[in-house]
Amino acid sequence: MTKFCSVISELVSRDNILVLGHVMPDGDDISSVASLTEGLRRIGKNVRAGIDSVIPSYYKLFFAVNSIETFEQLCGFQPDLIVVVDCSSPDRVGRFQSLLRTARLIVIDHHETNLMFGDLNLIDIKSASTAQMVYNINKAIGITYDSELATTNYLGIATDTGFFKYSNTDATVLKIAAELVELGAKPYFVASVILENKTIEQLKLLARMIDHTVIEEKLAYSWLSYEDYSTLGCTEDDSSGFVSELRSIKSVEVAILFSEYPKGEVHVSFRSKQWLNVSKIAAALGGGGHARAAGCSYKNADIKRVMDEVLKLTREALVGSEYEVGQIPQANL
Ligand code: 5GP
Ligand code: MN
């Protein structure tokens, strides 16, 4: 039996299921948790969903996201199956990590740095999003999609491909997106909620990031301190997507944003354009991700020290990788 079939048969045979996503959730994670949870509910399962972080309010406009619960709400629940989605390592579920060994554990993910920490691991690094894997699972189970579930599932496919423009956008992505639109997904609604819902404070925060930007040929980096966030009344969620602006600069291969929120906690976001595998740098620093988008986090940290460490490693990774356009090093793709 393939791993995909084993996952389907486990999901169908268990009754009490807990679906978990990661801390600082993004669109793919929220979409995957909500779509899998709702799908399993539609076949009569007792399913609950948890994310150990505040979910940004605009995601609550999507169907089934409101039913995602907190650690406090879920710690009395005793599932016979736990399904962790979009997480490359067990610490990504935050405080839920203490529950992972209390039930059979399935991991569904698309990160190449996945540590295979489940009893059953369905890892597809060719899949552009975990939401795409969830769609295939729901389809195989025979879940009925309506417009609301289709839109929630489409959310993760759109956000993890940068609305169909990143290098992970392939024919499969577009075919699945088209299927979801046929089932009633609303692309304009998703784009509008995610891309056209900014506050003026977010734009001012972006201006600060741009002001702090340093360009060293192929490397562009910037930082936002806790004071930058707090003086504008912003949180870490308000800078989501900013690192892509750094990557968009001409000549830049790798972009890094250092963000300190709350005080003493530093998140590092890496993006690359064509060839540098940033997941290797992030993994070496205790994080993970994909070749073109990765991250790592520090606690009780000094942002300047973090910057020194990360920039040193990144400059080393860039050295010796000179290439002419059209001669992209294959090994790193
Ligand atoms: P972002 O820069 O948007 O926070 O994350 C980019 C990618 O890296 C995402 O796929 C995300 O799951 C992964 N990532 C970000 N931060 C961490 C981290 O601290 N640990 C791990 N394992 N992956 C991370
Ligand atoms: Mn993802």
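Does at least one position in the stretch 13-34 carry a residue that is among the acidic types (Asp, Glu) and either away from ligand 2 (no atom under 16 Å from the Cβ) or more than 18 Å from the chain's Cα centre (by Cα) (or both)?
yes
For the stretch 265-280, name all the residues that are under 17 Å from Ala301 (Cβ atoms), surrounded by fewer than 24 Cβ atoms within 10 Å (Cβ to Cβ) and more than 7 Å from ligand 1 (Cβ to nearest atom). Steps first, please.
The first filter runs over the stretch 265-280 and keeps only residues under 17 Å from Ala301 (Cβ atoms), leaving 265-270.
Next, only the ones that are surrounded by fewer than 24 Cβ atoms within 10 Å (Cβ to Cβ) stay: 265, 267.
Within the stretch 265-280, just Glu265 meets the criteria.
Taking Lys126 and the conditions (1) more than 23 Å from Leu81 (Cβ to Cβ); (2) outside any helix (DSSP H, G or I); (3) touching a strand residue (DSSP E or B) at 6+ places or on another chain (Cβ under 9 Å), which numbered condition does it fall short on, given that it satisfies the others?
(3)
Looking at (1) in contact with an Asp or Glu (Cβ under 6 Å, 6 or more places away or on another chain); (2) part of a strand (DSSP E or B); (3) under 23 Å from Leu183 (Cβ atoms), which is the only condition Gly156 fails?
(2)
Scan the stretch 138-159 residue by residue and report those that are within 15 Å of ligand 2 (Cβ to nearest atom) and either in contact with a Pro (Cβ under 9 Å, 6 or more places away or on another chain) or farther than 16 Å from Val65 by Cβ (or both).
Once the filter is applied, which keeps residues that are within 15 Å of ligand 2 (Cβ to nearest atom) and either in contact with a Pro (Cβ under 9 Å, 6 or more places away or on another chain) or farther than 16 Å from Val65 by Cβ (or both), the stretch 138-159 yields Tyr154, Ala158.
Looking for something of a type in the set (Ser, Thr, Tyr) and either modelled with pLDDT under 95 or touching a Ser or Thr at 6+ places or on another chain (Cβ under 7 Å) (or both) - is there at least one such residue anywhere in the stretch 310-326?
Looking through the stretch 310-326, at least one residue is of a type in the set (Ser, Thr, Tyr) and either modelled with pLDDT under 95 or touching a Ser or Thr at 6+ places or on another chain (Cβ under 7 Å) (or both).
So, Arg208, is that one on the phi < 0 side of the Ramachandran plot and within 16 Å of ligand 2 (Cβ to nearest atom) or not?
Details: on the phi < 0 side of the Ramachandran plot: yes; within 16 Å of ligand 2 (Cβ to nearest atom): no.
No.
Among the residues of the stretch 162-198, what is the count of those that are outside any helix (DSSP H, G or I) and over 24 Å from Glu112 (Cα atoms)? Walk me through it before giving the result.
Going residue by residue through the stretch 162-198, those that are outside any helix (DSSP H, G or I) are 162-170, 183-186, 196-198.
Narrowing further to those that are over 24 Å from Glu112 (Cα atoms): 183-186, 196-198.
Within the stretch 162-198, residues that are outside any helix (DSSP H, G or I) and over 24 Å from Glu112 (Cα atoms) number 7.
Go through (1) crowded, with 20+ Cβ neighbours inside 10 Å; (2) more than 16 Å from ligand 2 (Cβ to nearest atom) and name the single condition Val83 misses.
Here Val83 meets the rest and fails (2).
Can you work out which of the residues in the stretch 99-109 that are without any contact (Cβ under 8 Å) to a residue 40 or more places away in the chain and within 16 Å of ligand 2 (Cβ to nearest atom) is surrounded by the most Cβ atoms within 10 Å (Cβ to Cβ)?
Within the stretch 99-109, the match that is surrounded by the most Cβ atoms within 10 Å (Cβ to Cβ) is Asp109.
Of the conditions (1) away from ligand 1 (no atom under 16 Å from the Cβ); (2) surrounded by fewer than 24 Cβ atoms within 10 Å (Cβ to Cβ), Leu18 satisfies every one except a single condition; which number is it?
The failed condition is (2).
Can you work out which of the residues in the stretch 228-272 that are within 16 Å of ligand 2 (Cβ to nearest atom) and in a helix (DSSP H, G or I) is farthest from Arg208 (Cα to Cα)?
If we take residues in the stretch 228-272 being within 16 Å of ligand 2 (Cβ to nearest atom) and in a helix (DSSP H, G or I), then Ser244 is farthest from Arg208 (Cα to Cα).
Regarding Phe96, is this residue closer than 27 Å to Asn277 by Cβ, part of a helix (DSSP H, G or I), of a type in the set (A, V, I, L, M, F, W, C) and away from ligand 2 (no atom under 15 Å from the Cβ)? Please lay out each step first, then the result.
On the way: closer than 27 Å to Asn277 by Cβ: no; part of a helix (DSSP H, G or I): yes; of a type in the set (A, V, I, L, M, F, W, C): yes; away from ligand 2 (no atom under 15 Å from the Cβ): yes.
Against the criterion (closer than 27 Å to Asn277 by Cβ, part of a helix (DSSP H, G or I), of a type in the set (A, V, I, L, M, F, W, C) and away from ligand 2 (no atom under 15 Å from the Cβ)), Phe96 does not qualify.
From the residues in the stretch 277-312 that are in a loop (DSSP other than H, G, I, E, B) and closer than 24 Å to Asn114 by Cα, which one is nearest to ligand 2 (Cβ to nearest atom)?
Filtering first and then ranking leaves His290.
Taking the criterion of being in contact with a Gly (Cβ under 7 Å, 6 or more places away or on another chain), assigned to a helix (DSSP H, G or I), surrounded by fewer than 19 Cβ atoms within 10 Å (Cβ to Cβ) and not basic (Lys, Arg), would at least one residue in the stretch 199-222 satisfy it?
Yes.
Kindly evaluate Ile55 against the criterion of being over 29 Å from Glu196 (Cβ atoms), assigned by TED's automatic domain parsing to the domain that holds Glu148 and away from ligand 1 (no atom under 14 Å from the Cβ).
When the stated conditions are applied, Ile55 does not pass them.
Quick check on the stretch 196-212. Is at least one of its residues over 15 Å from Ser240 (Cα atoms) and of a type in the set (Lys, Arg)? Give the steps one after another, and end with the answer.
First, the residues of the stretch 196-212 that are over 15 Å from Ser240 (Cα atoms): 211-212.
Within this subset, residues satisfying the condition of being of a type in the set (Lys, Arg) are none.
Checked the stretch 196-212: no residue is over 15 Å from Ser240 (Cα atoms) and of a type in the set (Lys, Arg).
The values are calculated or read from the model by the stated rules, or taken from the named source; none is laboratory data. No experiment lies behind these values; they were computed from the predicted model shown. Neighbour counts run over all protein chains shown; Cβ positions are idealised from the backbone, glycine included.
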